[in-house]
Structure formats: structure tokens, C-alpha cells
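The values are calculated or read from the model by the stated rules, or taken from the named source; none is laboratory data. This is a predicted model, so every value here is computed, not measured. Don't worry about glycine lacking a Cβ; one is built from the backbone with ideal geometry, like all the others, and counts go over all protein chains shown.
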Amino acid sequence: MVNLSSKLSNTRKKFSLFGKSALSRSLDDSIWQEIEETLISADLGVRPSLQIVESLKEKAKGENITTLDELTEILKNQLKATLSGFELSLDLDGSPAVWLLVGTNGVGKTTTIGKLAHRSQSGQNTVVLAAGDTFRAAASEQLEFWAQQAEVHIVKGAEGADPSSVIFDATEYAHARGIPLVIADTAGRLHTKKNLMEELSKIQRVAGKGPGTVNEILLVIDSTTGQNGLVQASQFAEAVDVTGIILTKLDGSSRGGIIFAIQEQLGIPIKLVGIGEGIEDLVPFDVGSFVDALFETKQ
């Protein structure tokens with residue numbers, strides 16, 4: 001990932017236990033407790049953290065490992081294994097393909113759509129944005145700004161219009177012009193509100209009734225919310241077929257470990273991460289680079 005190490009400085013502080021000055025420490029009871037506390041404080045979750053520590057103890061005993069230095073590589077490999085085995089590509093099949101972005105207000109969803117459109121624009125006239133958040137004041141204007149930045153089309157409806165109809169119209173618009181991808185904004189669903197989640201399910205159904213194929217439903221989560229993000233992911237996954245997570249604000253979070261909790265507990269892959277405010281600062285999630293960056297030390 002581009003310049004990931006510098007972007008993860010806040011999360012990396014949680015892993016300072018594994019700094020160079022400490023690697024010669026022996027594996028006594030106190031160090032095991034510190035490893036456990038390190039993983040929990042980085043928001044891996046209590047249960048996954050305990051499981052990882054128990055696994056490390058078994059491997060340390062079986063392989064006669066006695067120092068933190070020797071254990072660190074095993075921990076890194078175990079964390080990489082936890083995050084591996086998922087399909088991370090984005091599906092572009094369809095005429096057009098339709099990607100729905102969902103998530104609560106304030107997570108950076110509309111901004112993420114603009115960055116995603118920029119990433120996905122493979123030439124002129126290849127992306128249409130659908131302004132499906134018709135209830136939040138100025139939502140369509142904000143999306144229009146990003147459409148201009150990314151140099152893509154946008155389809156909007158009247159304020160308060162049925163979001164499903166706006167997204168349906170966008171698929172018709174794209175199909176008629178041979179544009180292969182529609183990226184649709186949706187209202188910031190409060191995951192505790194049953195009626196709003198049911199409406200989101202309706203959007204998924206209607207969006208797939210026209211020429212478009214809904215093949216990605218991407219849940220945008222603010223990484224600074226930590227374990228609350230896991231609750232959001234669980235609730236959204238009950239309402240719609242979430243295919244992947246986009247984790248935003250990773251550069252400003254000390255809770256990057258939520259990535260492990262989401263993928264291990266829910267089986268939903270992190271497909272993209274936001275590492276800054278610029279239009280280029282949305283990058284594909286790379287397991288190896290992410291884990292290595294957590295343990296990188298600056299001496």
C-alpha cells in the first residue's frame with residue numbers, strides 16, 4: 001500500500017511493545033500479559049486477542065522460542081493468516097455493474113464515493129454516480145462536487161425523492177450510454193432503526209430490477225469508532241448482502257485492529273482503506289503491507 005507505514009503511526013503506537021529495544025525480552029508471565037493487552041488495546045477484540053495469545057504460547061513451547069524477537073515473526077504470520085483467504089477484488093460484471101455504498105452518517109461515505117469513482121474511472125464516460133441520499137440536506141450537492149473532482153457523471157433526484165427510483169434511473173442512464181459502472185450513495189442508515197434498514201433492503205431489490213447488476217454492497221466504517229464499527233457491520237449484514245468493507249480514517253485512528261475483528265468474526269473482507277483526505281487516498285487493502293506496517297519501528 002502506498003506510504004502505509006506513515007499513515008498507520010497512531011495504530012502502530014499500540015504495538016510499541018514490539019519495538020527494537022524490547023525484542024530481547026524473555027517470554028515470562030508479564031510479557032504474555034502485555035501482548036494480550038497490546039492486542040486488546042488495538043481493538044482486535046477480547047476473544048480474538050485471547051485466542052491469538054494462547055496459540056502463540058503453544059507455538060513458543062513447541063518450537064522452543066524464548067524471546068519476544070523470535071515470537072514477533074510468528075505473531076506477524078498469524079495475523080496475516082487471520083486476514084487472508086478473502087476475495088478482495090471488486091466485481092465489475094453487469095451492464096452496468098452497480099455498487100451500493102452504505103453506512104451511518106459521519107463515516108465519510110460520500111467522500112469515499114468520490115475517491116472510489118476516481119479510482120474506478122478508466123477513461124471518459126466509465127462511471128455514473130447515483131445520488132441516492134435524498135434526505136440529508138446538501139447530500140446531492142456534496143456528491144456533485146466529488147463527481148466534478150473525479151470527472152464522472154451524476155444522476156440526482158428531487159429532495160426527498162424515493163432513493164430507489166434515483167438509483168434505478170442511474171442504471172438506466174448508464175445502460176443507455178454504455179457506461180459500465182454505477183456507484184450509488186444511500187442515506188446514512190442508523191443501524192438501530194429497523195424501518196430504515198428495511199428501506200435499504202428495498203434499495204437493493206429495486207436497483208437490481210433494471211438493466212444493472214448489484215454485485216457490490218460496500219459498508220463504509222469509520223475506523224476511529226473501534227468496536228462500535230463491528231456492531232454496525234453486524235447490523236448492516238443482516239439487512240443487506242454486504243460484500244466488503246471500506247474502512248475510513250485509518251490514518252487518524254489508533255484502532256486499526258478492528259480490521260481483524262471484522263474479518264474474523266463476520267467473515268466480511270476489508271476491500272479498501274482510506275488513509276487521508278486527498279482524492280488519491282483510498283487504496284486497496286493489502287494484508288502483508290498492513291501487518292508489516294504495524295510492527296515497523298523508527299529508530
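Listed here are the residues, each with its yes/no results for (1) over 24 Å from residue 255 (Cβ atoms); (2) surrounded by 18 or more Cβ atoms within 10 Å (Cβ to Cβ); (3) β-branched (Val, Ile, Thr); (4) more than 33 Å from the chain's Cα centre (by Cα).
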position: 30; (1), (2), (3), (4): yes, no, no, yes
position: 58; (1), (2), (3), (4): yes, no, no, no
position: 62; (1), (2), (3), (4): yes, no, no, yes
position: 68; (1), (2), (3), (4): no, yes, no, no
Exercise. Limited to the range 142-186, what total is found for residues that are closer than 17 Å to residue 203 by Cα, surrounded by 18 or more Cβ atoms within 10 Å (Cβ to Cβ) and either small (Gly, Ala, Ser) or free of Cβ contacts under 8 Å to residues at least 12 places away in the same chain (or both)?
Worked result: 4
Problem set entry | Enumeration of residues in the range 71-125 that are among the acidic types (Asp, Glu) and without any contact (Cβ under 8 Å) to a residue 24 or more places away in the chain | 73
Exercise. Out of the residues in the range 215-270 that are part of a helix (DSSP H, G or I), of a type in the set (S, T, N, Q) and in contact with a strand residue (DSSP E or B) (Cβ under 7 Å, 6 or more places away or on another chain), which is surrounded by the most Cβ atoms within 10 Å (Cβ to Cβ)?
Worked result: 223
For this session: Run residue 253 past the list (1) under 21 Å from residue 86 (Cα atoms); (2) modelled with pLDDT under 80 and report the number of the one that doesn't hold.
Result: (1)
Exercise. In this structure, does residue 87 turn out to be over 30 Å from residue 277 (Cα atoms) and of a type in the set (Asp, Glu)?
Worked result: no
Problem set entry | Index of the failed condition, residue 204 passing every other in (1) at pLDDT 80 or above; (2) in contact with a Pro (Cβ under 9 Å, 6 or more places away or on another chain) | (2)
Exercise. Does residue 103 meet the test of being within 20 Å of residue 273 (Cα to Cα), buried (at least 22 other Cβ atoms within 10 Å of the Cβ) and in contact with a strand residue (DSSP E or B) (Cβ under 9 Å, 6 or more places away or on another chain)?
Worked result: yes
Problem set entry | Unique residue being part of a helix (DSSP H, G or I), basic (Lys, Arg) and over 25 Å from residue 267 (Cβ atoms) when the list is 76, 80, 61 | 61
Problem set entry | Checking residue 90 against (1) surrounded by 17 or more Cβ atoms within 10 Å (Cβ to Cβ); (2) in a loop (DSSP other than H, G, I, E, B); (3) modelled with pLDDT under 90, the condition it does not meet | (3)
Exercise. What about residue 117, is it aliphatic (A, V, I, L, M), crowded, with 23+ Cβ neighbours inside 10 Å, outside any strand (DSSP E or B) and under 23 Å from the mean Cα position of the chain (by Cα)?
Worked result: yes
